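Have a look at the structure below before the remarks.
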There are 2 protein chains.
Amino acid sequence: MEIRRALDIVLNNTTVLEGEKVSLIESLNRVLAANISSKDDLPPFDKSSMDGYALKSSDTTDGLFRFKIVGSIRAGDFLDEEIKSGEAVKIMTGAAVPKGADAVIQIEKVKAEGNELRVFEKVCCGTNILKKGEEIKNGDMVFESGKFLRPSEVGMLASLGYGKVDCHKVPKIILISTGDELVDIDEKITRGKVRNCNEYALTALVKNLNGHVKSYGIIKDNRDEIFNAVKTAFEEGDIVISSGGVSVGDYDFIEEVLKKIGADIKFTSVEIKPGKPVTFATFKDKLFFGLPGNPLSVVNTFEVFVAPAIKKMMGRKDIITKEFPVILKDDFKSKGDRENYTYVNIKENGGNYYAYSMGSQSSNALFTLTQSNGIVIIKKGTKTVRAGETLNGKFIFK
Amino acid sequence: MEIRRALDIVLNNTTVLEGEKVSLIESLNRVLAANISSKDDLPPFDKSSMDGYALKSSDTTDGLFRFKIVGSIRAGDFLDEEIKSGEAVKIMTGAAVPKGADAVIQIEKVKAEGNELRVFEKVCCGTNILKKGEEIKNGDMVFESGKFLRPSEVGMLASLGYGKVDCHKVPKIILISTGDELVDIDEKITRGKVRNCNEYALTALVKNLNGHVKSYGIIKDNRDEIFNAVKTAFEEGDIVISSGGVSVGDYDFIEEVLKKIGADIKFTSVEIKPGKPVTFATFKDKLFFGLPGNPLSVVNTFEVFVAPAIKKMMGRKDIITKEFPVILKDDFKSKGDRENYTYVNIKENGGNYYAYSMGSQSSNALFTLTQSNGIVIIKKGTKTVRAGETLNGKFIFK
C-alpha cells in the first residue's frame, strides 16, 4: 500500500479523545477541549504602567508646573478619594490609577521635594495608563477549543483565574516487544540474542509527544502469550504498539492473534523503506500498530504512522510534519521498489537546506539515526540521486 | 547595558552542572557527562536481515539449483553445525547465520518442498547478511560527552546495554513572585489586585526546558520576607528567579536584599524592550535573575537571559536560539530607546519568513504573546519599520 493512503486510513480511524479537567500546570503541551472566555476585564482597573505620579493631564500645558503630592499608591492598593486640579499622587507600576487622574508621568521626568512635585513637560491624556479592559473584556472569548497550550497560554489562563482547564485526554500507549531473540538491556548478549532497544526508543518517542506509556516488556514468540498481551493491551490502552513479529517468518503470530481477537486489520504492508512490514488494525476505538523489529524501521514507521495518530487523539491540529526542499550534498542510492526515507543530517545555510550522508541506511542502523536530524525522500522508481539534486525532506522528532 | 554584553555576563557566570547516574529513560532530553563506548560488537554475530535460507554462495552459479534443507534457525537461536556444500538452513530475520554459510536468499525468491530447496538465481557472497561488528565494534566510541540524548540515542544506548547513563544534572529553579498586588490564580480579583500569572508561565517555561522547578508562591513586598525567601532559595536551588520588584518603585527590595545576602550584582538594567529592569546576580555558583513584573517582560527576559543559562547548566551546546531574516507584513513602531523585541506571528512561504502583527506590544499584553510564535528585533535608534522591510527574527519557546 502507498504511504499516503496508509496514513489516511490511520487518521480516518483515529478519534480525538474526550475532554477532562486537569490542573493548569498539567495542561501544558495539551489541547483545550472547550472554549475559554474571560470572567474579568483585563486589566481589571485603570493601571499605571510606570512608577511615577498620577495627575490631571489638563493641568499641564507648557513650561514648569507645580503640584501638591496628596498621597501614594503602591501596587495592590487603591485610593478612595478623587484627585483635584493641582494635585498629584505618587503611584507604583501596576497600581490602580486614582479617580480624577488621567495620566501618569514617569518618576525620572519630575522633581519631588517634600509635598511639592515639579513637572517640566506637557503630559497627554492616557499617558502610561493601561485602561480597564484594554487587553480583554469580561465575556470575551480568549481561546477557542483546539488551542495547543504553550507557556504563554498557561500564563494567560492563570491571569484569567483558570486553576483547572478542560483538555483532551492524553492517549495511553501500550508497548509489546516480541521476539525470542530479545534480552533485557542490562543483560549480556549471548549467541543469537540482541537487546530490547525498541522498547526504550518507543518509550522516549511517546514521552516526547507528551503521551502516557506503559511497556509490557518482552513477550515470547508464542501464540498464547502474544494473544493475552494484545488482549489486555486493548483493554488498558488507547494505542497498542508491538515491535517485531510482523514479517513473514514462521514465528510471527501478530496477524493471527489480531484475527482471533476480532480486530479489523486495515493493512499489513506499506511501500516504505525502512519499515515495509507494518500492520495497522482497529479494535473498537482502539488502534493497533504492528511495527517491524529492526530499530530504524521502528523509529521510521513510528514517525510516519504512529506519531500523527497520537497527536490527533490529543486534539492537536499540527499532525503532519512539514516537508521542505533539501539540496543533496552527497549521492544516495535506493532499490527503487518503495519510497525511501533516507536518514541524513540537514544543515541550513543562507535560507537553503542541505542534506549530508550519515552512513548505512540498513534497517538495523540505529547509529546512523543518532547522527541524523532529518530525512530526504527518494521516490519509488528512483534508484540513484546525486549531490546537487533537490529532494523533499523533513526534520525528525518534531 | 547592551543585550549581548548582558548575555555574555550571564553565560560567563554559568557553570555546567556535574554528572550523575540516571536511568536510561530519565536520560531523555538530557546531556551525556561522559563518553560512551561499546562493550560489544554490533551486530554481535553475523545476522540475517531477511527471512530466507542460508547457504554457500559458491554453490549458486547460473540456472536452477537444488539444496538439501538441513535445519531451521529462528531469531534468538543458533546452530552449532557448520553447513556443507549443497546444504541450506531456513533462517528468520535477525537470526544468527550458521557457520559455513555466507549468504541468505529471500524466502520470496525460492521454492521449498519437504527437504528440498530450489533456487533460481545466483547469490553473491554477503547477500542479506549484517556482518558481526558491521555497525559498531567492541571498544568503539559511540557518543562523546556533551551529546544531547533524543529518542534515537536512548534506543542506541539500550542496544549497547547502558541501563544507566552519566548525565549532567538538571538545574533546580526556585520561583519567587513578589508584589502586594498579587493574588493566587483561583482568587477573585478585587480592586488593585492581579492574579499571579508569572508563576505559571515561568513554571511552564522551565518544564519545557526539562528543568526542575519549585515555587515559593507569592512573597509580600517586605524586606524580611524577601530576604528569607531569597536566602533559602540560594541554599535550595541552582537558579533563583524573582518576578516583580526590580523597578525603581519605593517597595522594590530585591537589590537591597541581594546586597545584604552578599550576592554579586552584575547588572540591574538592560537595553531591551520589553524587560528593561532585569537584574542578574551571582552568589557562590548560584544564579539570581530578578525579572520585571509584567508578564510579557517576564517571558521575554526569561527567553533571552534565563533559558540560555538553564541550557548551559544542563550541558547543552545549542544555547542560543538562531535568528533569521523575516520580511515584515505590517508596520511596527518602537520608541527607539532600546532594542525592541516585537512579538509577531511568523509564517513561512516559499522559503521566506513573514511577520504579521498580533496587536499591542505593551509589556502587559500576554494575549499578544498567545497569538505569536516569534519575534522580530527592531534595533535601538529605529522608531518605525514598514511592511516590506526585513528584520532579524526568531521563533519563541525553542
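The values are calculated or read from the model by the stated rules, or taken from the named source; none is laboratory data. Small disclaimer: the values here were computed from a predicted structure and weren't measured. Heads up, the Cβs are rebuilt from the backbone with ideal geometry, glycines too, and the neighbour counts pull from every protein chain shown. For accessibility, only protein heavy atoms count, side chains too; no ligands or nucleic acids. Shrake-Rupley method; radii C 1.70, N 1.55, O 1.52, S 1.80 Å.
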Top-ranked residue of the range A:349-368 - restricted to ones that are within 27 Å of the chain's Cα centre (by Cα) and either more than 8 Å from chain B (Cβ to nearest Cβ) or at pLDDT 95 or above (or both), ranked as surrounded by the most Cβ atoms within 10 Å (Cβ to Cβ)
A:A355
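Results for (1) part of a strand (DSSP E or B); (2) among the basic types (K, R); (3) within 22 Å of the chain's Cα centre (by Cα), shown as yes or no for each residue.
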site: B:T15; (1), (2), (3): no, no, yes
site: B:K21; (1), (2), (3): yes, yes, yes
site: B:P44; (1), (2), (3): no, no, no
site: B:S58; (1), (2), (3): no, no, no
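Looking at A:G192, A:G163 in this structure, which one is of a type outside the set (S, T, N, Q), without any contact (Cβ under 8 Å) to a residue 60 or more places away in the chain and touching a strand residue (DSSP E or B) at 6+ places or on another chain (Cβ under 9 Å)?
That would be A:G192, the only listed residue that is of a type outside the set (S, T, N, Q), without any contact (Cβ under 8 Å) to a residue 60 or more places away in the chain and touching a strand residue (DSSP E or B) at 6+ places or on another chain (Cβ under 9 Å).
Does the range B:184-193 hold any residues that are more than 7 Å from chain A (Cβ to nearest Cβ) and either within 22 Å of the chain's Cα centre (by Cα) or over 21 Å from B:V213 (Cβ atoms) (or both), and which are they?
B:E187, B:K188, B:T190
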Hey, does the range B:131-154 have a residue that's at the interface with another protein chain (Cβ under 7 Å from one of its Cβ atoms), in contact (Cβ under 8 Å) with a residue 60 or more places away in the chain and of a type in the set (S, T, N, Q)?
no
Screening A:K383, A:K335, A:K322 for residues that are among the charged types (D, E, K, R) and modelled with pLDDT of 95 or more leaves only A:K383
The one condition in (1) open to solvent by less than 10 Å² (accessible area, probe 1.4 Å); (2) within 17 Å of A:P274 (Cα to Cα); (3) over 23 Å from the mean Cα position of the chain (by Cα) that A:S334 fails to fulfil
(1)
From the option list A:F332, A:F305, single residue qualifying as farther than 15 Å from A:E389 by Cβ and among the aromatic types (F, W, Y) is A:F305
Those residues of the range B:46-56 which are more than 8 Å from chain A (Cβ to nearest Cβ), assigned to a loop (DSSP other than H, G, I, E, B) and either within 20 Å of B:L157 (Cβ to Cβ) or under 44 Å from the mean Cα position of the chain (by Cα) (or both) amount to B:D46, B:M50
Can you find even one residue in the range B:107-116 that is surrounded by 15 or more Cβ atoms within 10 Å (Cβ to Cβ) and away from chain A (no Cβ under 14 Å)?
no
Restrict the check to the range B:280-290 and report whether at least one residue is away from every other protein chain (no Cβ under 14 Å) and at positive phi.
yes
Any residue in the range B:206-220 that is touching a residue at least 24 places away in the same chain (Cβ under 8 Å) sitting within a Cβ distance under 7 Å of a residue that is basic (K, R)? List the pairs, counting only those 6 or more apart or interchain.
B:L209/B:K311; B:N210/B:R30; B:H212/B:K172; B:V213/B:K207; B:K214/B:K172
Considering only residues that are in contact with a Ser or Thr (Cβ under 9 Å, 6 or more places away or on another chain) and in a loop (DSSP other than H, G, I, E, B), which ones fall in the range B:343-370?
B:M358, B:G359, B:S360, B:Q361, B:S362, B:S363, B:N364
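Rundown of residues vs (1) modelled with pLDDT of 95 or more; (2) over 29 Å from B:G179 (Cβ atoms); (3) open to solvent by 40 Å² or more (accessible area, probe 1.4 Å), yes/no style:
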residue: A:R5; (1), (2), (3): yes, yes, yes
residue: A:V10; (1), (2), (3): yes, yes, no
residue: A:V16; (1), (2), (3): yes, yes, yes
residue: A:E26; (1), (2), (3): yes, no, yes
residue: A:I36; (1), (2), (3): yes, no, no
residue: A:S49; (1), (2), (3): no, no, no
residue: A:R74; (1), (2), (3): no, no, yes
residue: A:E81; (1), (2), (3): no, no, yes
residue: A:S85; (1), (2), (3): no, yes, yes
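Just the residues that are closer than 16 Å to B:S215 by Cα and of a type in the set (A, V, I, L, M, F, W, C), please, taken from the range B:159-180. Give the derivation first.
Filtering the range B:159-180 for residues closer than 16 Å to B:S215 by Cα gives B:171-179.
Those that are closer than 16 Å to B:S215 by Cα and of a type in the set (A, V, I, L, M, F, W, C): B:I173, B:I174, B:L175, B:I176.
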In the range A:87-106, what residues are surrounded by 20 or more Cβ atoms within 10 Å (Cβ to Cβ) and without any contact (Cβ under 8 Å) to a residue 40 or more places away in the chain?
A:E87, A:A88, A:V89, A:K90
So which of A:F283, A:F288 is within 28 Å of the chain's Cα centre (by Cα), touching a residue at least 40 places away in the same chain (Cβ under 8 Å) and open to solvent by 10 Å² or more (accessible area, probe 1.4 Å)?
A:F283
Please tell me if B:G293 is in a loop (DSSP other than H, G, I, E, B) and either among the aliphatic types (A, V, I, L, M) or surrounded by 22 or more Cβ atoms within 10 Å (Cβ to Cβ) (or both).
yes
Among the residues of the range B:117-130, write down those that are exposed (fewer than 13 other Cβ atoms within 10 Å of the Cβ) and within 11 Å of chain A (Cβ to nearest Cβ).
none
Can you list the strands (runs of 3 or more DSSP E) lying wholly within the range A:178-272 that have 1 or more residues being surrounded by fewer than 22 Cβ atoms within 10 Å (Cβ to Cβ)?
A:212-219, A:264-267
Filter the range A:382-398 down to residues that are open to solvent by less than 60 Å² (accessible area, probe 1.4 Å) and outside any strand (DSSP E or B) and give me whichever is nearest to A:N208 (Cα to Cα).
A:F397
